[in-house]
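So the structure is just underneath, and the comments pick up after that.
The values are calculated or read from the model by the stated rules, or taken from the named source; none is laboratory data. Bear in mind the structure is a predicted one, so any value in this text is a computation, not a measurement. Note that each Cβ is placed from the backbone with ideal geometry, even for glycine, and that neighbours are counted across all protein chains shown. Heavy atoms of the whole protein, side chains included, go into the accessibility calculation; ligands, DNA and RNA do not. Shrake-Rupley method; radii C 1.70, N 1.55, O 1.52, S 1.80 Å.
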Amino acid sequence: MSRATTALYGGPDDEPARRRALTNGSVPVAVYGLGKMGLPLAAVFAEGTGAVTGVDIDPAVVESVNGGRSHVGGEPGLDDLVAEQVSRGRLRATTDGAAAASEARVHVIIVPTLITDDDEPDLSTIEAVLEDVASGLEPGDLVIAESTLPPGTCRDVIAPHLAERSGLESGSFGVAFCPERTASGTALRDIRGQYPKVVGGVDEASGRAAALVYDELSANAVHLVSDATTAEAVKVFEGVYRDVNIALANQLAGTADDLGISVREAIETANHIPMCHLHDPGPGVGGHCIPYYPHFLLAQTEAPLSMVELGREVNREMPARTVSMLEAALNDSGTDESERDSHGEEPAGSLEDATVLVFGFTYRPGVEETRASPAIGVVESLRERGAEVWGCDPLVNPADFGARSIDVEDLVSGPTFDAAILVTPQDAFERIPWADLEPMVVLDGRDVLSLSNTDHRVVTLGGARDGRPTVIDGDVPTETDTSTIGRPATFDATGR
Ligand SMILES: NC(=O)c1ccc[n+]([C@@H]2O[C@H](COP(=O)([O-])OP(=O)(O)OC[C@H]3O[C@@H](n4cnc5c(N)ncnc54)[C@H](O)[C@@H]3O)[C@@H](O)[C@H]2O)c1
Ligand SMILES: CC(=O)N[C@@H]1[C@@H](OP(=O)(O)OP(=O)(O)OC[C@H]2O[C@@H](n3ccc(=O)[nH]c3=O)[C@H](O)[C@@H]2O)O[C@H](CO)[C@@H](O)[C@@H]1O
């Protein structure tokens, strides 16, 4: 006998009753996708409503959640929250999306939205979830998309697809877009209200219903915008802003040698005024957010977006540009006696037959995700130029990306290298015994190394941050300790 449940969309607009129903478990919720973002989201929904079924196609994910365990690492508080919510019967998981949909009155979609090989949005996972949702959709249900979507998708794809596949009248159920504004490593903090929650409905009632849900769940404001397309555009614009600004930082980094400066010193100093927010240059842009979001916008409009396209092109070329920087440094090396290794051999003057060690294969530190990771392009470019490539990363296996794997602990006893590239500064790299390694050319892709007391020749992408502004009067910029690795997981321009 299914328990009486409350609809949040349509019908009498009794907001206090709906809030009570939502928070006392009378509004069952299904969350589709229990990944890095979906599991924290499902756990917070369970914390706030008490009746959540998580859906995932991966049986191992479902099994771990039902065992009260989180399979998502590096998220403070998540292990305990999942264990608590599952043990109290407020959260469970299943691979049976249709069954979950038949019981739920709110359906939250947070599965990956990626791009095809032709850079077109790939909504296949969304469409697969819609089949499950449609099979159980009832009048009064509310469907919330949190996956980042090309603007217009809720209005033109999700709502009509659900009406057609469920047989329900369009307008008998709600559809809203409520983007996930969080980042791996701070998911619970962000979902609980680090930032205002953006909400937009395909109609006014959908927007109000979704705003009520997040007003109950989030400690921060709810920004109810005009419609779902506006909300979809907000999310995509945030990502496009980031990609274009990273590209600007990467091009500015290229001026370091000509200007003879530390570009990072100039960026940090410029960013001390509120109207300037230059980002952090690096060897590339990875993850399944920033490299993809520009294509979600480009696919939806004929408007000229050459800056967005150029930004994507600049960032996509960064891995190869980084390898070219290393090749130039190798060609310059060997002039200084100290460059010779203990056998008096000069480092290889080019990448042909050079042995090169790549540090950091995840797209950013501490996050076990390699989609679009800059190291993948770096390895490809090194191999194209004839180098023998080794890789070191504590979170993933470099051998999966065409490099021979070596652990930090084995570096001293292992082979000697002509060069190294630091792509992603994992915390474990603070243990690298640089002084005990044979002299090599080191390209520091993130300006986090301090090797002045070694015989290595360091080339820094964007110029070394050793350049520091001297403040004669007023506040002294917080000293950034460049002696250790492990800059913040999310690189903002001031390196905080
Ligand atoms: N990762 C981030 O920093 C981040 C931040 C904000 C928004 N987002 C958005 O959230 C989406 C999901 O991100 P994520 O990091 O959780 O992805 P993820 O790859 O970590 O997890 C996706 C999960 O969805 C499951 N899945 C795939 N197809 C499914 C289906 N048909 N039904 C049910 N489950 C299915 C997978 O098994 C996996 O467990 C992203 O595509 C992005 O649009 C991600
Ligand atoms: C809600 C959501 O979708 N959240 C996203 C998530 O994005 P994310 O997890 O994909 O991580 P990002 O920090 O964007 O990094 C992406 C790649 O860009 C490189 N990079 C970054 C900054 C820089 O100045 N220079 C760089 O080179 C970095 O190394 C990495 O490879 O969190 C960000 C807030 O952290 C959000 O803005 C972003 O919307």
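Kindly give the semi-axes, whole Å and largest first, of the ellipsoid equivalent to segment 174-317, taking each as the square root of 5 times a Cα gyration tensor eigenvalue.
Numbers: eigenvalues 225, 70, 29 Å².
For segment 174-317, the semi-axes come out at 34, 19, 12 Å.
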Under Stokes-Einstein, the chain at 20 °C and 1.002 mPa s, with its Kirkwood radius over C-alpha pairs, diffuses with a coefficient in µm²/s of 88
In nanometres, the difference between 0.36 nm per residue of separation and the alpha-carbon distance of Gln251 and Arg431 is 61.7 nm
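Keeping all protein chains in place, calculate the accessible area per residue for segment 165-240 (probe 1.4 angstrom), answer in Å². Intermediate values should be presented prior to the final figure.
Working: 2870 Å² over 76 residues.
Solvent-accessible surface per residue comes out at 38 Å².
Rounded to the nearest whole Å², what accessible area per residue is found for segment 1-46 with the 1.4 Å probe?
Values: 1890 Å² over 46 residues.
I get 41 Å² per residue for this part.
Between Glu313 and Arg189, what length in nm is gained on full extension when 0.36 nm per residue of separation is reduced by their alpha carbon distance?
Values: separation 124, 0.36 × 124 = 44.64 nm, distance 3.32 nm.
Using 0.36 nm per residue and subtracting the Cα-Cα distance, I get 41.3 nm.
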How far apart, in nm, are the 7 Å Cα→Cβ label points at Ala328 and Asp455? 2.7
May I ask you to list the residues of segment 54-78 whose amide nitrogen lies under 20 Å from a point 7 Å from Cα along the Cα→beta-carbon direction of Ser124? 56-59
Using 1/(1 + (r/R0)^6) with R0 = 25 angstrom and r between the beta carbons of Ile57 and Ala219, what's the FRET efficiency to the nearest 0.05? 0.20
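Ignoring ligands, DNA and RNA, what percent of the accessible area of segment 164-213 is carbon or sulfur (1.4 Å)? Each step should come with its number before you reach the end.
Details: 830 of 1830 Å².
Using a 1.4 Å probe with all protein chains present, segment 164-213 comes out at 45 percent carbon and sulfur.
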Relative contact order [Cα under 8 Å, 6+ residues apart], segment 110-228, whole percent: 22
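Using R₀ = 22 Å, calculate the FRET efficiency as 1/(1 + (r/R₀)^6) where r is the Cβ-Cβ separation of Ala83 and Thr23; round to 0.05.
Here the calculated transfer efficiency is 0.55.
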With label points built 7 Å along Cα→Cβ from the Cα atoms of Met275 and Ser350, find their separation and express it in nm. 4.8
Give the peptides 57-68, 185-196, 29-40, 415-426 in descending order of average Cβ contacts within 10 Å, highest first. 29-40, 415-426, 185-196, 57-68
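Accessible area of segment 62-143 with a 1.4 Å probe: how many percent of it is carbon plus sulfur? Display every interim value, and only then the final one.
Working: 1580 of 3480 Å².
Of all accessible area on segment 62-143, carbon and sulfur atoms account for 45 percent.
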